[in-house]
Every structure is written in structure tokens, then in C-alpha cells.
Amino acid sequence: MVPNPLKANSTLFINAEFSDEERKGLVVEVFNAVGQRVIVDTPTVYPVEINGLSERGVYIVRIVTGDGNVYQGKVVVQ
């Protein structure tokens, strides 16, 4: 995920290559520090872009691919 840390209201990019199988049903979720899901998206553009992180803090980004793999990372919003 780049950039990390991220300035508030900037675009976060997930630079990962997903196979066609992984893209079918791919879901991106973003959770705030208390575990509330603040963003859920089924992207159609790659690399994946996440917008809407306007509050400072630490967020967890979880990606569930169409074939069931789960990837998770942390992003800091300044």
C-alpha cells in the first residue's frame, strides 16, 4: 500500500497483481482503530484505489480475493 503514511484525503493505492480468478468477487474493506468498517469496495480498476480516509489514525485494510485468500495491512493517516 502506498503511500504509507498517507495524508488525510489522499488516495491510497494497493499495488498488487490479482489473477482473473482473484478479481472475481474481490472485496476491499477498511477498518478504523476500534474495528468499525469504514469502507467496503468491490474494485473494478487496478491498481486498487482507496479514497475517503479523512480522519487521522491507524486503519487496517483487508482484501478478500475471489478465490478466498485474505490479505491484510496497516495504513497510517496523518
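Some notes on this structure:
- Failed criterion for Met1 (all others in (1) surrounded by 14 or more Cβ atoms within 10 Å (Cβ to Cβ); (2) modelled with pLDDT of 95 or more; (3) of a type in the set (A, V, I, L, M) hold): (2)
- Residues in region 55-78 that are assigned to a loop (DSSP other than H, G, I, E, B), without any contact (Cβ under 8 Å) to a residue 60 or more places away in the chain and either open to solvent by 60 Å² or more (accessible area, probe 1.4 Å) or of a type outside the set (S, T, N, Q) (or both): Glu55, Arg56, Gly66, Asp67, Gly68, Asn69.
- Arg62 being farther than 16 Å from Gly73 by Cβ and basic (Lys, Arg): no
- Total residues in region 4-49, condition touching a Ser or Thr at 6+ places or on another chain (Cβ under 7 Å), in a loop (DSSP other than H, G, I, E, B) and open to solvent by 60 Å² or more (accessible area, probe 1.4 Å): 1
The values are calculated or read from the model by the stated rules, or taken from the named source; none is laboratory data. From a predicted model like this one, the values you see are computed outputs, not experimental measurements. Neighbour counts run over all protein chains shown; Cβ positions are idealised from the backbone, glycine included. Just so you know, the surface numbers come from the protein's heavy atoms only, side chains and all, with ligands and any DNA or RNA stripped out. Shrake-Rupley method; radii C 1.70, N 1.55, O 1.52, S 1.80 Å.
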